[in-house]
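Worksheet: the structure to be examined is printed underneath.
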Number of protein chains: 2
Amino acid sequence: MIGQLARRTGCKVQTIRYYEQIGLMPEPVRTEGNQRRYGAPHLKRLAFVRHSRELGFSLEAIRELLDLADDPDRSCATADSIARRQFDQVESRIARLQALKRELKRMIVQCRGGRVAECRVIEVLADHGLCVSDHGNPPVDKLAVS
Amino acid sequence: MIGQLARRTGCKVQTIRYYEQIGLMPEPVRTEGNQRRYGAPHLKRLAFVRHSRELGFSLEAIRELLDLADDPDRSCATADSIARRQFDQVESRIARLQALKRELKRMIVQCRGGRVAECRVIEVLADHGLCVSDHGNPPVDKLAVS
DNA sequence: GATAGGACCTACAGTCACTGTAGGTTCAAG
DNA sequence: CTTGAACCTACAGTGACTGTAGGTCCTATC
């Protein structure tokens, strides 16, 4: 039963079905009434996926890591480089967020309350020239962490 | 012409049209041939939007901020609280990413190369129990920074 | 054996903030 | 008058889910 697997892994039922749909989880056996029945390997695999997601890996990266994990005799150089890539991404995200944090702080500290016309927050937002640090480019990101 | 506005703000043409579609940018006048023509206020507004996005504000928050900016006599308390909320979010994202970074580092450092069977990276991913810090819950996020 | 209700099923739409594509039109330069 | 870049609309796709509608199945209780 999918609900039990969901409870044990802290993953939503729909998410499990979604992982199956995109081929990240293998199709389990079904009961006569067409309901999914899982075993220990499914639990292990899903735990791997969830943990990797918590560490910020993309589903694509996880797919690669699972392929590796399925074949214990291969070299682990690939796993290592995927992890390093992830590490680098996290590092640069932190750096960007810290620049951002400084800028937001400056913005807030300078606001003395009052009318919008004198609001430092609005003023800074309207003019990037008022920023000290280079807080960089659009924050578009699909793989980030709350 | 939309291309010029795009170049001046570092924003893609489609993005400008998208902002218009969702009501973030006002509809500009059109030439006889149905092409958009913009003026200084559009440039100002779009610059505000882009800068706010760079600082990680959601389009919803930007909508509120624009409403405020349009009415200089109102109190800036709302702008201030939106900025503070954003600041708090950035702070907690940094904290989460730092826990994550520590965990990734540990994982990578312990990997001595060799076969997948002995790979520390794979092993840690398979078992959250091997983590020291609590790197928290799913990294689902729509508003993060690259 | 009937029934209630919780858990399950599929299929599809929606989220956020864009980005890309197809297929057609307009504009400015030469 | 022709070329070709820039424009137009409308819609699909991205990542990683989440939510909904409308139906079926399973188990416990009566």
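Quick look at the values:
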quantity	calculated
Label geometry 7 Å along the beta-carbon vector: A:Gly114 inter-copy distances in nm	6.7
Under 5 Å, built H, 5+ apart or other chain: amide partners of A:Cys119	none
Partnerless cysteines, meaning none of the other Cys C-beta atoms lie under 4.7 Å away, in the protein assembly as shown	A:Cys11, A:Cys111, A:Cys131, B:Cys11, B:Cys111, B:Cys131
Span-like helix ranges in chain A, DSSP H, alpha carbon extent 27 angstrom or more, Kyte mean at least -1.0	A:77-110
Label 7 Å beyond Cα on the Cβ vector: B:Pro28 copy-to-copy distances, nm	5.5
Positive-pole candidate from A:Ile62, A:Ile122, B:Gly113, dipole of the protein assembly as shown, charges at beta carbon	B:Gly113
CD proxy at 222 nm, helix term only [per DSSP H run n ≥ 4: -39500 (n - 2.57); per residue of chain B; nearest 500]	-18500 deg cm²/dmol
Cα→Cβ-extended label distance, 7 Å offset, between B:Ser75 and B:Glu91, nm	2.2
Residue range of chain A that is longest and free of trypsin sites (Lys or Arg not before Pro) which are both DSSP loop and sparsely packed (at most 10 other C-beta within 10 Å)	A:1-111
Förster-model FRET efficiency, 35 Å R0, B:Arg37 and A:Ser133, C-beta, rounded to 0.05	0.50
Largest-first ellipsoid semi-axes for chain B, taking √(5λ) over the Cα gyration tensor eigenvalues, angstrom	45, 21, 10
Student exercise, the protein assembly as shown dipole from Lys, Arg, Asp, Glu Cβ charges, in Debye to nearest 20	100
Pairwise centroid distance, computed over Cα atoms, of segment B:41-115 with segment A:25-91, Å	30
Separation of the B:Arg30 and A:Arg102 label points, Cα + 7 Å toward Cβ, nm	4.6
Shortest-first nm distances, A:Pro72 label point to equivalent points in other copies (7 Å, Cα→Cβ)	7.2
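Taken together, the values in this text are just the output of simple stated rules run on the coordinates, not laboratory data. Keep in mind that what you see is a predicted model, and the values were worked out from it rather than measured. FYI the Cβ positions are ideal-geometry reconstructions off the backbone, even for glycines, and counts take in every protein chain you see.
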